[in-house]
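Presented below is the structure to which this report refers.
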Amino acid sequence: MYVPPTRPGLVVRARLLDRLSSGAAARLTLVSAPPGFGKTTLLAEWVRTATAASRRVSWCSFDAAESDASSFWSYVMASLAAVVPGLDDARRELTAGGAAPSPQAITSLLNELAGAAEEVWLVLDDYHVIEDHDVHDGVRFLLEHLPPWVHVIISTRVDPDLPLSRWRVRGELVEIRAADLRFTREEAADYLQSAPGLELTATDIDALSERTEGWIAALQLAALSLRGREDVSGFIERFAGDDRYIVDYLMDEVLVHQPADVREFLLLTGVLDRLTPGLCDEVTGLGNGAQMLIGLERANMFVVALDDQLTWFRYHHLFADVLRARLLAERPAEMPPLHRRASNWYANQGFTDDAIRHALAAKDYERAGVLIEDALPQARRDRRDATLIGWLRALPAEVVRRNPVLTTLEAWTFLVAGDLDALESRLDHAEALLAGADSASPGAETAELRTLPASIALYRASLAQARGDLAGVMLHARRVLEVAGPDDHFWRGAAAGFLALAAWSQGNVQLALETFTSAVASLHSAGAIVDELNSTALLAEMWTVAGRPGKARALCERALAAADALGLGAARASADLQVELAELDLDAADLTSAEQRLAVAQPLGEREPNSESRYRWFLAAGRLAELRGDHAQAIALLDEAEVRYRPGYYPNVRPIAAMRARVWIAAADFARAEDWAADCGVGVNDEADYLKEYQHLTLVRLLLAKHAGQPDVLDSVVALLGRLEVAAQETGRAGSLVDIRALLAQAQNPGSADEVARSRPGAPGQLGEALTERELDVLRLLDTELTGPEIARRLFVSHNTLRTHTKHIFTKLDVTTRRGAVARARERGLG
């Protein structure tokens, strides 16, 4: 385990060490204060006392490079493994896949920590650099389930995104803040009297303590500046002001008194967030990185070692800020070359994110563009959408417009935002660049440029899909397959997906299933695991339409287990799958399970508020409210879904306006439902069209509810349902047939109660008893994968009524099981 070394002049602060140790009785110990208050120094001293007391302490000190979930947990597990044996399984689970870990993976860690023989302390230093919500969620889960002998200490400049107030009220939080960390007069005296080269009077010490208000950074800087001065008292009298001005003044004093070579090294390397000899040599060109870093660390010159091999370091944050400000003021022209050299070093070492960051800081936008092109395939596979958008926004518009790959990437951002006109404009521009109408891309040899024709064609398919242009979808998807290479699995899979969606939009669910299954397999071959899991939710919906809800559920549950194993990096996939499973629960009338799944999906979907899963979450929540009889809430949720809806990947087979009309029908608000019918653009004399099927069936529900006693209306309804039935049969949409036939039975038996139905001639049972019309309806649905509650919902009867019908069927057919009833019915040609 690495712990920052003991510093000269260290003041042992027993009052704070005792406070830290009291964290053994709390869930979390929080050390929160602005920079320069000695947080890390205090923790380092406590760790040494804790280690002496045979406590196992794991220390992690973070910088921006470890701010994403994957890097964070890799660092934490490496540190924990060094002090707690037997964490190998948890370490593999938490660091697998390069994404944020799932709650299950963190649970694995908790289970292994629960077996620790001694107290375990995890110190998370400089936690304020962590901005990734996935990390905060994971740490929150860890803290809420800690074994009683495992403790966490967080040191940070700002309070973390954790439920601190709840833990504070429960007495589960120990806090050390700036007011606690300030040196008392006695502590300031101990520190200054122990500093080498200083001889201060009691008056001098009191003056410094008063002027710095116990701020440790200022006292440390003052001690450095006072070395070798003759007029100590005069120096102390001259400086005043608030903390920031004191630090700036003293930093300047420190820099002025450094040897020329040290000062040069400090200024040139101040642009770096992390320091290592090779990087420093590349940036400064001085070749003295290793010697200088060790010397600075030993001299207590605001250098913090990041590992116990003394390979990586960083400057104290305040010190780094002043170094950069000083260089910018004195030699601003040198800043871009320094960043450019850092970018080159990081790129050569494979640290792509750091390389891009320094290229952007150098304003070397052309190079940044090339690096982004290189990083794009992996970032796309990992679904680092926010990172890609951030990189793109950091580039000037003219740089993006000169580069066909970046222009196409920009087009994708407009697709995400639902701005179809801007999407089309960017695709046109990218094609013009690719054809040589404008300057060529500076990254002419990148893999992204090679596959760019396929990318553009794919986004044109997306555009056509969003506009409801099925012919355009198929045209552009086939174009992708023409220009993509045999090993370009991502593009081939995506193209196959659009062809499947076109088939689905035409109602040909069997062709859609075959094609989309192939598309998902291609995404798997491409390593696009998150996209593969996202697509599984859509594949499950197709299986539901095909009348195979059991198959759909099994697919979703397997994919959800895989998404959970990937962790929060697959949050969108998890949300999509939970919403799809909630829809299946609603079809089965399992409202409790549906509510639970939607509760799990909600925070996952909130990470991407404009994603498909977020819009679909509100649709499912609206259905749940309707089934519970809360029609006002159902309408409100559907209204929210409409606000979030973006035309895109999914065919619009269930328009929100029609869903709202169904709620009004259920609430007997026929006036509003009839207003919808007047505006919806469908009628009872239409031909069958799958994209309008949901609207047609909604219209049928309205007519049956409002005009059940009018024979001419019923005749038109039966004729429409007949056309819809034929179309669904021809294209294998067994799921649609269930709804259509249930409504057809209702139309043919208007006004009948659940238990009363007319007998159909020529439908004898085993003993010569005729099956009633309603019993034949039940018999048809028994020959599907629908559960009992699902069949009851489709027939608009209670579950008890369904059982009565089923019992009569079994008696008349002389069978005792559902399977037997279906087999006997097939023998006799019933239904």
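The values are calculated or read from the model by the stated rules, or taken from the named source; none is laboratory data. Given the structure is predicted, the values throughout are model-derived calculations rather than measurements. Here the Cβ is made from the backbone with ideal geometry for all residues, glycine too, and neighbour counts use every protein chain on show. Side chains are part of the model used for accessible areas, which takes the heavy atoms of the whole protein and leaves out ligands, DNA and RNA. Shrake-Rupley method; radii C 1.70, N 1.55, O 1.52, S 1.80 Å.
Below is a table of values for the structure above.
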item: Among the candidates Val717, Val684, residue that is in a helix (DSSP H, G or I), touching a helix residue (DSSP H, G or I) at 6+ places or on another chain (Cβ under 6 Å) and β-branched (Val, Ile, Thr); result: Val717
item: Residue, modelled with the lowest pLDDT, within the range 599-624, restricted to residues that are touching a Phe, Trp or Tyr at 6+ places or on another chain (Cβ under 8 Å) and more than 17 Å from Ile635 (Cα to Cα); result: Glu612
item: Hey, Lys812 in contact with an Asp or Glu (Cβ under 8 Å, 6 or more places away or on another chain), among the charged types (D, E, K, R), modelled with pLDDT of 75 or more and farther than 19 Å from Val738 by Cβ or not; result: yes
item: Scan of the range 325-363 for residues that are small (Gly, Ala, Ser), open to solvent by 50 Å² or more (accessible area, probe 1.4 Å) and in a helix (DSSP H, G or I), ordered by number; result: Ala325, Ala329, Ala333
item: Wholly within the range 458-555, helices (runs of 4 or more DSSP H) carrying at least 2 residues that are of a type outside the set (Val, Ile, Thr) and at pLDDT below 90; result: 489-505, 509-525, 529-545
item: Scan of the range 118-147 for residues that are open to solvent by 20 Å² or more (accessible area, probe 1.4 Å), under 19 Å from Trp59 (Cα atoms) and part of a loop (DSSP other than H, G, I, E, B), ordered by number; result: Glu118, Glu119, Leu146
item: Some residue of the range 87-98 being open to solvent by 10 Å² or more (accessible area, probe 1.4 Å), part of a loop (DSSP other than H, G, I, E, B) and touching a residue at least 12 places away in the same chain (Cβ under 8 Å); result: no
item: Selection status of Val509, within 28 Å of Arg597 (Cβ to Cβ) and buried (at least 22 other Cβ atoms within 10 Å of the Cβ); result: yes
item: Residue check for Asp669: within 30 Å of Asp469 (Cβ to Cβ), surrounded by fewer than 16 Cβ atoms within 10 Å (Cβ to Cβ) and modelled with pLDDT of 90 or more; result: no
item: Residue list for the range 43-68, filter: over 22 Å from Ser32 (Cα atoms) and modelled with pLDDT of 80 or more; result: Arg56
item: Residues within the range 22-37 that are touching a Lys or Arg at 6+ places or on another chain (Cβ under 9 Å) and open to solvent by less than 20 Å² (accessible area, probe 1.4 Å), tallied; result: 6
item: Residue in the range 277-291 that is open to solvent by less than 40 Å² (accessible area, probe 1.4 Å), farther than 26 Å from Gln220 by Cβ and small (Gly, Ala, Ser) present; result: yes
